[in-house]
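Input: a single structure, listed below in structure tokens.
The values are calculated or read from the model by the stated rules, or taken from the named source; none is laboratory data. Since this is a predicted model, take the numbers as computed values, not measurements. Here Cβ is always computed from backbone atoms with ideal geometry, including for glycine, and neighbour counts include all displayed protein chains.
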Amino acid sequence: MRSVLLMLALLIANLALQAQDSDRKVNPDKLPASILPYIDQKYPDHDRVHFYTEKIGDTLYYEAKFEQHEDEYDLLFDVDGNLYETEKTLPEHELKEAIKDSIHTYLKSQFEEYKILKVQEVELKGRLLYELNVKGKKKGNKAYYEIYFDRKGKYVGTEDVILNSIPSMF
Amino acid sequence: MRALLSILLLCVSLQLAAQNLTYYGILPAISQTGRISKKVDYNFFISSTIDAIPETINGVYYPTKDLQLYIQSSGIYKFSPNFNVAGSYTYQRNNPLTADYGNEHRFWEQFIFAHSFYKVKVTNRVRYEQRFIENRTTGEYPMSTRLRYQLGTNFPLQGKTLDVGEFYFNAYNEFYFSLSGAKNATYSENWTYAGVGYHTGKGGKIEMGYLMQKAVRNPAKDIRTLNLIQISWITNFNFFQKKK
């Protein structure tokens, strides 16, 4: 019994050490000074902001997640506090008709069947994009994709989405 | 009159013989899930059920004991974010460290369907098991089958999604129905669990909760209750992952 408890204690200590060098929650006190005032000014009605570190390749970023007026925001800042990327969820019906038509024309050309699950406005390094989460059927196989369009609805690129299995133990 | 007296005595005798057992212990568990392909994951799960408190029940002494070793490997096919099917081979050894051990080989198939209910994610899991439980007297492994239904929920305690450094809640109730083969009752077991977990990041999730396992332990329908503190380490990483 004592050895089992000792093993568990060692396991937890090991995990805590591992967690320190991975994506983790950040105390706002540790952030570059410009980040919080930027969020307060640009999103005055935001709810509680959660901050994390995120590594893309070898570059470290600070990620801020919050909601304002029921819209979800996800902002990435570099280590100097400069804004790198902004993501905001958007109901599909808020897209302009011309953009919607262009997007659907492209999706119809690619998939036998499809369904748009989520739309996000993305601003990446000054470039404005729409990111769509899509469930689509190609050659009889259903899969999930992130598909990018510019602000005129022109196709930019596609990434495959890897699903996580539903948590289940025993 | 004598017949009535006999029946009365029989009832009293049965009452005295009734032996509901209650144990208290811990259940350490490790679960690792990883990707085989875009649509297929594997899971490896191992746990041990330990009766941690010695006690005397109806004059019988029950020392601390490892009650069960459970090793489960499974393959999961992800039809969608809300619908998975899985199949498994599982090895279970009851009383693994003592002479009264018993082995079991088990195959199962299951599906899980997840949906939202008032912003809470609810999971429904149905599992069909083919169990081959060792008969130590004959050395045979006769097959029995069992159906399990688990109704569960799992949701973050901070915000809409579970992020690194945040806590989550996990709870379920699972009903066990023995369908064929040797059995003490059709509705033979019930497990209830509630726990809180913490997402550490790359180190996975650590979860701790209370698990109550109730099982019908004999044809007289006596109940064995296990009150367990379950401590789980849940990892989800891929050995060959491309860098972003």
Check your understanding: Looking only at residues in the stretch B:110-130 that are more than 10 Å from every other protein chain (Cβ to nearest Cβ) and more than 15 Å from B:Glu174 (Cα to Cα), which one is surrounded by the most Cβ atoms within 10 Å (Cβ to Cβ)?
Key -> B:Gln130
Review point. Among the strands (runs of 3 or more DSSP E) confined wholly to the stretch B:10-57, which include 2 or more residues that are modelled with pLDDT of 95 or more?
Key: B:21-35, B:40-51
Exercise for review: Count, please, the residues in the stretch B:134-173 that happen to be without any contact (Cβ under 8 Å) to a residue 24 or more places away in the chain and either surrounded by 13 or more Cβ atoms within 10 Å (Cβ to Cβ) or of a type in the set (Ser, Thr, Tyr) (or both).
Suggested key: 7
Practice item. Check B:Asn173, B:Asn238, B:Asn190, B:Asn184 and return the single one that is of a type outside the set (Asp, Glu) and farther than 19 Å from B:Arg146 by Cβ. Key: B:Asn238
Practice item. Restricting attention to strands (runs of 3 or more DSSP E) lying wholly within the stretch B:151-227, give those where 2 or more residues are in contact with a strand residue (DSSP E or B) (Cβ under 8 Å, 6 or more places away or on another chain), within 30 Å of B:Asn135 (Cα to Cα) and aromatic (Phe, Trp, Tyr). Key: B:167-180, B:187-201
Point to revise | Test set (1) in a loop (DSSP other than H, G, I, E, B); (2) within 21 Å of the chain's Cα centre (by Cα); (3) within 22 Å of B:Lys214 (Cβ to Cβ) - B:Leu97 fails condition number | key: (3)
**Study point:** Among the residues listed as B:Ile57, B:Ile76, the single one being facing chain A (nearest Cβ under 10 Å), of a type in the set (Val, Ile, Thr) and farther than 18 Å from B:Ile133 by Cα
**Key:** B:Ile76
